[in-house]
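Worksheet: the structure to be examined is printed underneath.
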Amino acid sequence: MAKFMSLHDAISTYVKDGDTVALEGFTHLIPFAAGHEIIRQQKKDLTLVRMTPDLIYDQMIGMGCASKLIFSWGGNPGVGSLHRLRDALEHNWPHSLETIEHSHAAMANAYEAGAAGLPLAVLRGYQGSELPKINPYIRSITCPFTGEELAAIPSIRVDVGIVHAQKADRQGNVLIEGIVGVQKEVVLGAKHAIVTVEEIVDDLNNHPNATVLPAWVIDAVVEAPRGAYPSYAYGYYERDNSFYKEWDAIARDREAFLAWINDNVLNVQG
Amino acid sequence: MTATYTPSEMMTVTAARSLPNGAVCFVGIGLPSEAANLARLTHAPDVVLIYESGTIQTKPNVLPLSIGDGELCETALTTVSVPEMFRYWLQGGKVDVGFLGAAQVDRFGNLNTTVIGPYDAPKTRLPGGGGAPEIATSSKEVFITLKHSKRTFVDNPDFVTSVGYGRDGKAREKYKVIGKGPTRVITDLCIMAPEEGTNELIVTSIHPGVSREQIIEATGWAIRFADSVAETAEPSEQELSILRELKARTAAFHAASGA
């Protein structure tokens, strides 16, 4: 059953060095506040899983939190490169980073298979792509009914799944609205789940088919207003596209990056 | 009457005209998104635009910077989860046209968005596949749009992220269930299409004022021309003004966002 916790306590209780951790949110509701707390607590040797590493993993990779990255699209959307990710892959800074690279379709299927308790995901994917040549986890399986050869990849079941959402009620049930990405799948496939929310309310006031995560599939609920900034929270604030553009210059330069982290993450209370 | 326009505008307008009204189009971010929305605002008001963030039948008033901007969700008919998007809507065969950009394309319409140089020791690490590997295979057909240069139109790319017709032009023959593949490539110089029989991209239409030499010079392999090469129709005043208004609205919106 979900406990209401501070961000500090939720991260220190559930995220251990060496864990496999997914902070998800497809462009929308990216859990930046939680990622910054992981940086402040100097977690190490994490396997980070995310379809789009985005700025949050650029920051965590640049601060040396990760030894491995499982991902499917590692750019700054609409802007260009993630320079900290590139520096890790091209120059091993601050240290080397192992990668396991997929397509979006494969990762989305793998999260869904994880939520469904299956060991693998099966999809009609990677036809003609050379990704299977560099990722040994992309295999094939033959349909026993039609003989069609399909792609098979391991399901994603992480140690800690972290997502951001709009609201929790006072029992810890959570409502997610707008672009819901793979948040539900991450939480249901995780050993432990942390959900940060914009606000805690008396009543979720949701429609019957809304995306609601019951309190009993969540370990920690954390109130973290603007916890998805500079991504966005539908109904609360917009994506700061200007910051996404500014990040390009900040992240290009190691010193500028470290200064930004110092001013905006390390010297900020979680 | 001849309007004044840039090569980029020519490319976007030509790419937009490729989309038939009523088509269901899975839209890549950047140039494809610009072209698909121009189509919706001009000759194809009933085109259905789908973005991989889960937004279905979206009608953005401004172009999104990211594939998951709030604008896409707020103007969509409905928004589904990302697994549902890829499983039911794309893999399930609901998409007529996959509209893609790329860092590099080769003579068989294969796309590289992964790496320049060796995979394990990259010279330039590119963002990766994203939705493209399966958009390229599960859409009924694929349109590709990108600027024409020797850096983008390459011979023997270091990586094939998303298949066109494979490195031998025959990759699609191996698969029981797969879309037609790239049927059209639109650049700022010309339109290309796969040659019947070989699947090699050949020039089928040249934009006004562009020479064959320019195209040969900007292509990283010995590009061939169709027996009968058309001249691409110029953008109309109406297309240009709608495109320019869209881009101005977009610039103003993104400059003010995040407040």
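The values are calculated or read from the model by the stated rules, or taken from the named source; none is laboratory data. For clarity, every value in this text was computed on a predicted model and none was experimentally measured. Cβ atoms come from the backbone with ideal geometry, glycine included; neighbour counts cover every protein chain shown. For accessibility, only protein heavy atoms count, side chains too; no ligands or nucleic acids. Shrake-Rupley method; radii C 1.70, N 1.55, O 1.52, S 1.80 Å.
Centre-to-centre, using Cα atoms only, segment B:75-103 and segment B:1-71 are separated by 15 Å. Taking the accessible area of segment A:1-104, probe 1.4 Å, and keeping the other protein chains in place, the carbon and sulfur fraction comes to 47%. Checking the cross-link pairs A:Lys184/B:Lys140; B:Lys59/B:Lys94; A:Lys245/B:Lys123 against a 22 Å limit on the alpha carbon distance flags A:Lys184/B:Lys140; A:Lys245/B:Lys123 as lying beyond it. Summing both sides, the accessible surface hidden between B and A at a 1.4 Å probe radius is close to 4300 Å².
Taking a Cβ cut-off of under 13 Å around A:Thr99, the surrounding Lys, Arg, Asp and Glu residues balance to a net charge of 0, with basic ones at +1 and acidic ones at -1.
Overall, the anisotropy analysis places chain A in the oblate class: the square-rooted eigenvalues a ≥ b ≥ c of its C-alpha gyration tensor yield a/c not less than 1.5, with a/b not exceeding b/c. Rounded, prolate or oblate: which fits segment A:104-154, taking a ≥ b ≥ c as square roots of the Cα gyration tensor eigenvalues, rounded meaning a/c under 1.5, else prolate when a/b beats b/c? Note, shape of segment A:104-154 comes out oblate.
Straight-line reach from A:Lys16: taking Cα to Cα under 16 Å and skipping same-chain neighbours fewer than 8 places apart, the lysines in range are A:Lys43, A:Lys44, A:Lys68, A:Lys191. For the pair B:Ala252 and A:Lys44, a Förster radius of 45 Å applied to the C-beta separation gives a FRET efficiency near 0.55, rounded to the nearest 0.05. Converting phi to 3J(HN,Hα) with the Karplus coefficients 6.51, -1.76 and 1.60 and the offset θ = phi - 60°, segment A:69-76 yields 10, 10, 7, 10, 7, x, x, 8 Hz in sequence order, with x at every glycine or proline. Largest first and in whole Å, the equivalent-ellipsoid semi-axes of chain B read 27, 24, 18, each the square root of five times a Cα gyration tensor eigenvalue. Rolling a 1.4 Å probe across the protein heavy atoms gives segment A:1-143 an accessible surface of 31 Å² per residue. Scanning residues 5 or more positions from B:Cys190 or on other chains, those with amide H under 5 Å from its amide H are B:His207, with H placed 1.01 Å from N in the peptide plane.
On the principal axes of its alpha carbon atoms, segment B:190-259 extends 54, 28, 23 Å, with the longest extent given first.
Kirkwood radius and radius of gyration were both taken over the C-alpha atoms of the protein assembly as shown, and their ratio Rg/Rh is 0.97.
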